[in-house]
Amino acid sequence: MVEETSSPTKKFSAKKLAAKKPAAEKVAPINNSVKLSQNQSDELVSFYEEMTLVRRFEERAARSYTQALIGGYCHLNLGEEAAIAGLLKELNYDDYLFTNYREHGYALLKGIDAKRLMAELYGRVDGVSKGWGGSMHMFDLEHRLLGGYGIVGGQLPLATGAALAIDYRGSREIVMCTMGDGTTNIGAFHESLNIAALWKLPIVFVIINNGLGMGTTVSKSSAEPELHLRGASYRMESARVDGLDPVAVAMATQIAVQSARAKKPFLLEVMTPRLRGHSVVDPAKYRSEKEVIDLKNHDPVTLLHDRIVAGGFVTSEELHQIDLRAIKKIDDAHHFAEESAHPDVSTLFDYNYATPVPNDSRRLPGQALFPSTSKAVGN
Ligand SMILES: Cc1ncc(C[n+]2csc(CCOP(=O)(O)OP(=O)(O)O)c2C)c(N)n1
């Protein structure tokens, strides 16, 4: 279900926008054990293939982390699979994507090879960021994934700038910029939405609302907990959609993307569960027993499995075969990553904009960094 925003300034009409291009064939609501048409079943199976790939990649990443194959921070998309599949189905190859640090699944479904992504997690030269970015900083210009950002909200001004560049060039691409619910309380969220709306930029802002910023609930941190309503402050059309249902997400995204291509930025809120802790090292002790049990009934992969089987065209065994193929692909990625070399430390600054800085705590503010620059500043 796509909910419409009750904006006090502008009424969002999903029907009107959708009428410009027919939305995907409507599929029965989730958890409903009705029969599907062959086309509907095929569409769901294709989502299932993508979602199991993300699921198996993330499970492998969790395991590899405990085996010390991955260093630094590592945040997983477990629970977000339907949201990712639905969102990325509507992006063209040449559309740009910016995400936060919880990004593996997005990189995978943007078309980047699982081998290069796993090698990045393992910090190896064949990684998508040559081994220097790690889990939070995947970047691939070819697939137009422009990061992967560890600073909460850091991606928003950059994504808005990319949308401005597209507008300036007069080309047809759009930018999609995802973020967590907690990010909507960062100043950059408001600055970016304001500029995007004011300058009519081709961008879709996506809030992945998993209900938690680390361990803090949305209701404890946001005065307006219906986050999509914040679009109204910028006269930006917006909607909230059920992130357990890939078809609903794709339909809502289609509307959002059409809007962005017509130079009307859009704010889409996707409601998802976060099946594990904030990062791989968080045991999520702040969750009540009831919440933990509840989560088991909100696994998008299991829900989709049951929905497809109830649809009557595909058996559980056939879906199991899809899952086995995903496991094999991720296993191959793991072996590839393990065999890839560690990058040479001399390449540390090769892919940075910043120049090397001496790690000298005795240097005072205003003092030159290097002898060569001392002359330039007249010291
Ligand atoms: C500017 C900044 N402040 C604080 C942090 C520490 N931090 C990392 S993740 C996070 C929570 C963000 O939550 P949310 O935006 O909901 O994203 P989610 O982790 O749920 O995907 C915080 C506070 C940070 N990385 N950057």
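Figures for the structure shown
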item: Selection from the range 75-108 of residues that are among the aliphatic types (A, V, I, L, M) and closer than 29 Å to Thr347 by Cβ; result: Leu76, Leu97, Ala107, Leu108
item: Top-ranked residue in the range 363-379 [being part of a helix (DSSP H, G or I) and not polar (S, T, N, Q); ranked as modelled with the lowest pLDDT]; result: Ala376
item: Single match in Ile255, Ile330, Ile322, Ile293 (criterion: free of Cβ contacts under 8 Å to residues at least 60 places away in the same chain and not in a loop (DSSP other than H, G, I, E, B)); result: Ile293
item: Lone qualifier among Asp360, Asp344 - being among the acidic types (Asp, Glu), modelled with pLDDT under 80 and more than 22 Å from Leu53 (Cα to Cα); result: Asp360
item: Residue check for Ala28: of a type in the set (A, V, I, L, M, F, W, C), at pLDDT below 95 and exposed (fewer than 14 other Cβ atoms within 10 Å of the Cβ); result: no
item: Residue match in the range 99-112 (condition: touching a residue at least 60 places away in the same chain (Cβ under 8 Å), out of contact with any Ser or Thr (no Cβ under 8 Å at 6 or more places or on another chain) and surrounded by fewer than 24 Cβ atoms within 10 Å (Cβ to Cβ)); result: no
item: Candidate set from the range 278-310 (those that are buried (at least 19 other Cβ atoms within 10 Å of the Cβ) and not charged (D, E, K, R)); member that is nearest to Ser233 (Cα to Cα); result: His278
item: Unmet requirement for His298, which otherwise passes all of (1) within 30 Å of Asp126 (Cβ to Cβ); (2) of a type outside the set (Gly, Ala, Ser); (3) touching a residue at least 60 places away in the same chain (Cβ under 8 Å); result: (1)
item: Residue check, Glu103 among the acidic types (Asp, Glu), within 23 Å of His278 (Cβ to Cβ) and within 16 Å of the ligand (Cβ to nearest atom); result: yes
item: Pairs where the first residue, in the range 177-191, is closer than 14 Å to Gln155 by Cβ and touching a residue at least 40 places away in the same chain (Cβ under 8 Å) and the second is of a type in the set (Ser, Thr, Tyr) and more than 9 Å from the ligand (Cβ to nearest atom), C-beta under 7 Å, 6+ apart; result: Thr178/Thr99; Thr178/Tyr106; Thr184/Ser222
item: Residue in the range 211-223 that is under 30 Å from Tyr286 (Cβ atoms) and buried (at least 24 other Cβ atoms within 10 Å of the Cβ) present; result: no
item: Candidates Ser233, Ser279, Ser221 - the one that is more than 30 Å from Ile70 (Cβ to Cβ) and of a type outside the set (Phe, Trp, Tyr); result: Ser233
item: Residues being in a helix (DSSP H, G or I) and either surrounded by fewer than 24 Cβ atoms within 10 Å (Cβ to Cβ) or in contact with a His (Cβ under 8 Å, 6 or more places away or on another chain) (or both) - total across the range 226-238; result: 6
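For (1) assigned to a helix (DSSP H, G or I); (2) more than 14 Å from the ligand (Cβ to nearest atom); (3) closer than 23 Å to Val301 by Cα, each residue gets a yes or a no:
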site: Ile166; (1), (2), (3): yes, yes, no
site: Arg172; (1), (2), (3): no, yes, no
site: Thr183; (1), (2), (3): yes, no, no
site: Ala188; (1), (2), (3): yes, no, no
site: Ala196; (1), (2), (3): yes, yes, no
site: Arg240; (1), (2), (3): no, yes, yes
site: Ala248; (1), (2), (3): yes, yes, yes
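For (1) within 17 Å of the chain's Cα centre (by Cα); (2) within 22 Å of Leu76 (Cβ to Cβ); (3) aromatic (Phe, Trp, Tyr); (4) modelled with pLDDT of 95 or more, each residue gets a yes or a no:
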{"residue": "Glu237", "(1), (2), (3), (4)": "no, no, no, yes"}
{"residue": "Val257", "(1), (2), (3), (4)": "yes, no, no, yes"}
{"residue": "Phe266", "(1), (2), (3), (4)": "yes, no, yes, yes"}
{"residue": "Thr272", "(1), (2), (3), (4)": "yes, yes, no, yes"}
{"residue": "His278", "(1), (2), (3), (4)": "yes, yes, no, yes"}
{"residue": "Asp282", "(1), (2), (3), (4)": "no, yes, no, yes"}
{"residue": "Glu291", "(1), (2), (3), (4)": "no, yes, no, no"}
{"residue": "His305", "(1), (2), (3), (4)": "no, yes, no, yes"}
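The values are calculated or read from the model by the stated rules, or taken from the named source; none is laboratory data. Just so we're clear, the structure is a prediction, and the values are computed from it rather than from any experiment. Reconstructed Cβ throughout: ideal geometry from the backbone, glycine too, with neighbour counts over all protein chains shown.
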